[in-house]
Each structure stands twice: as C-alpha cells, then as structure tokens.
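The values are calculated or read from the model by the stated rules, or taken from the named source; none is laboratory data. Not measured: the values here are computed from a predicted model. Because the Cβ atoms are built from the backbone with ideal geometry, glycine has one as well, and the counts that use them run over all protein chains shown.
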Amino acid sequence: MTKIYTLDQIKKVIQTLDLSGTIEEGFMAYSRGEVVVPPVGELVFDTPPGDTHIKYGYLKNTSFYVIKIASGFYENPELGLPSSSRRQISGPAPISPPWDRTPPKNRNWIQTF
C-alpha cells in the first residue's frame with residue numbers, strides 16, 4: 001500500500017525530531033563504503049531554462065532505497081509559479097531476484113510531495 005504524506009504532515013513530525021545523530025551516522029557509513037551512491041543524473045533544459053537532478057542510493061544490508069528528484073525552472077516566478085520542486089521516493093529493496101519474488105505485504109512505498 002502506498003503512503004503519501006503532505007508537506008504539513010512532514011513539517012509537524014520534523015519539529016519533534018533531532019536528526020543530527022542519524023545524519024552523522026549516514027556520513028560515517030558513506031566513509032566506510034557501506035553506501036551505494038551512483039553518479040548524479042542531470043537533465044539541462046534550454047527552453048524554458050532549467051534543470052533536473054536525480055540522486056539515488058541505499059545503505060548496504062538495509063531494506064530500502066531512496067530516490068530524490070529536484071528541478072529548477074528559473075523563469076517560473078514570472079508566471080507566478082515556484083522556481084523549484086522536489087520529490088523523494090523510498091522503496092523496498094529487492095529481497096530476491098525479481099522473477100522469484102512475491103512482495104511481502106508489510107513492505108510499503110513512501111513518497112513525499
């Protein structure tokens with residue numbers, strides 16, 4: 001089952017969290033080679049001027065991966081639109097080869113907007 005969280009829901013929860021220790025642990029895991037982070041994907045647009053970056057990765061021996069998509073279109077404010085947008089998607093990592101996999105019911109996709 002897909003869970004979609006609104007910005008207001010995320011802001012409410014974030015206020016109660018201290019993520020500094022988790023962020024530090026992530027950097028240490030990255031330094032130890034325990035994180036898989038492929039090169040950043042990039043799309044550059046001429047008309048209208050803008051770009052989109054795709055970043056993704058996972059911690060080895062965990063059950064989820066994360067994808068972040070961030071876009072910026074620099075003329076959008078002239079149209080009354082935000083200049084940037086972001087999406088983060090977290091999904092269950094494969095637990096066996098795809099041809100031999102039945103997704104467990106407790107593995108959810110999490111998507112933020």
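Data for the structure
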{"quantity": "Candidate set from the stretch 19-38 (those that are modelled with pLDDT of 90 or more and in a loop (DSSP other than H, G, I, E, B)); member that is farthest from V66 (Cα to Cα)", "calculated": "R32"}
{"quantity": "Test: residue in the stretch 93-101 that is touching a strand residue (DSSP E or B) at 6+ places or on another chain (Cβ under 6 Å), surrounded by 13 or more Cβ atoms within 10 Å (Cβ to Cβ) and either modelled with pLDDT of 90 or more or among the polar types (S, T, N, Q) (or both)", "calculated": "no"}
